Amino acid sequence: MVLLIPEGYLIRKAKEEDIDGVIYINSVTLPEHYTTSFYNSILLSNPDTFLVAEHEGRIIGYHMGRIEYGLALRGFPKFVKKGHVISIAVLKEHRRKGVATMLLKTALEEFTKKGCEVSFLEVRVSNEPAINLYKKMGYEIVDRITGYYSDGEDAFVMEKNLETNLI
Ligand code: ACO
Ligand code: ZN
């Protein structure tokens, strides 16, 4: 799957040789970091939702997702297949061009294809750009976790129903 988006950006599945680039983007955009083996294990277990955005041959954004099973947070309590957005980021100079939207849209299509009923994520309550992005993509705030982050900040849990996927 190769998806062209405007202005010379390209969304594609990540490869092993992209991991260093992904780690770099994560290091300059987010306070939450992961070990190299964590990235590699997600690439191995969930290759279709580990995506990168490329511009002029360089990786400038990524989406790392994982399919999980858990209780639905809304409606009648039942176990469902969920698409977890673990981490998404775009380098500063490439923001506000629709890159994250395209990364997320592509990931949501893959989650849906694989039978996920919902997609969910955690986000810092102060992260307005990301919260806006998720709301725009149809996610709703379904929970707040006190002190979720290591610096004590709370997280919103946001969820999107994929059964009526309107993306
Ligand atoms: N302020 C307000 N709203 C914003 C902003 C901003 N600075 N940036 C994006 N948005 C919202 C807007 O609604 C925007 O639509 P619009 O441009 O039509 O108004 C919408 O998001 C889509 O914007 P994109 O251009 O697709 O998003 P972008 O490529 O700029 O990436 C992202 C957004 C990923 C949040 C980027 O700002 C980033 O990398 N931030 C640092 C890393 C981060 O916070 N990642 C999310 C952490 S939570 C998690 O990973 C589960
Ligand atoms: Zn998470």
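The values are calculated or read from the model by the stated rules, or taken from the named source; none is laboratory data. Worth saying up front: this structure is predicted, and the values here are computed from it rather than measured. Neighbour counts run over all protein chains shown; Cβ positions are idealised from the backbone, glycine included. For the accessible areas, the whole protein counts, side chains as well, though only heavy atoms, and no ligand, DNA or RNA atoms are used. Shrake-Rupley method; radii C 1.70, N 1.55, O 1.52, S 1.80 Å.
Of these, A14, A72, which one is closer than 25 Å to K92 by Cα, in contact (Cβ under 8 Å) with a residue 40 or more places away in the chain and either surrounded by 11 or more Cβ atoms within 10 Å (Cβ to Cβ) or not hydroxyl-bearing (S, T, Y) (or both)?
Values: A72 fails: closer than 25 Å to K92 by Cα.
When all the criteria are applied, what remains is A14.
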Practice task
Would you tally the residues in segment 27-59 being of a type in the set (A, V, I, L, M, F, W, C), assigned to a strand (DSSP E or B) and touching a residue at least 40 places away in the same chain (Cβ under 8 Å)?
Solution key: 4
Completion exercise
Residue pairs within 8 Å by beta carbon, gap of at least six or interchain, first lying in segment 89-111 and farther than 13 Å from I60 by Cβ, second open to solvent by 70 Å² or more (accessible area, probe 1.4 Å) and modelled with pLDDT under 95, listed first then second, are T106/M1
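Which residues, taken from segment 110-123, are open to solvent by less than 30 Å² (accessible area, probe 1.4 Å) and within 16 Å of ligand 2 (Cβ to nearest atom)?
Within segment 110-123, the subset open to solvent by less than 30 Å² (accessible area, probe 1.4 Å) is 110-111, 116, 118-121, 123.
Across segment 110-123, the qualifying residues are F111, C116, V118, S119, F120, L121, V123.
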Exercise for the section: Any chance you could count how many residues in segment 61-109 are under 11 Å from the mean Cα position of the chain (by Cα), away from ligand 2 (no atom under 13 Å from the Cβ) and of a type outside the set (A, V, I, L, M, F, W, C)? Expected result: 5
Problem - Tabulated pairs, segment 115-126, first in contact (Cβ under 8 Å) with a residue 40 or more places away in the chain, second part of a strand (DSSP E or B) and near ligand 1 (Cβ under 9 Å from one of its atoms), C-beta under 8 angstrom, 6+ apart or interchain - result: S119/H84; S119/V85; F120/H84; F120/V85; F120/M158
Handout entry: segment 146-163, residues that are within 19 Å of E68 (Cα to Cα) and either away from ligand 2 (no atom under 16 Å from the Cβ) or open to solvent by 40 Å² or more (accessible area, probe 1.4 Å) (or both)
Key = N161, L162, E163
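Name the one entry in Y69, Y134, Y62, Y139 that is closer than 20 Å to L43 by Cβ and among the aromatic types (F, W, Y).
Details: Y69 fails: closer than 20 Å to L43 by Cβ; Y134 fails: closer than 20 Å to L43 by Cβ; Y139 fails: closer than 20 Å to L43 by Cβ.
Y62 is the lone residue from the list that is closer than 20 Å to L43 by Cβ and among the aromatic types (F, W, Y).
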Practice task
Could you look through segment 120-137, keep only residues that are part of a helix (DSSP H, G or I) and among the charged types (D, E, K, R), and pick out the one that is farthest from V85 (Cα to Cα)?
Solution key: E128
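Could you pull out the residue among V80, V85 that is farther than 18 Å from I11 by Cα and in a strand (DSSP E or B)?
Details: V85 fails: farther than 18 Å from I11 by Cα.
After applying the criteria, what remains is V80.
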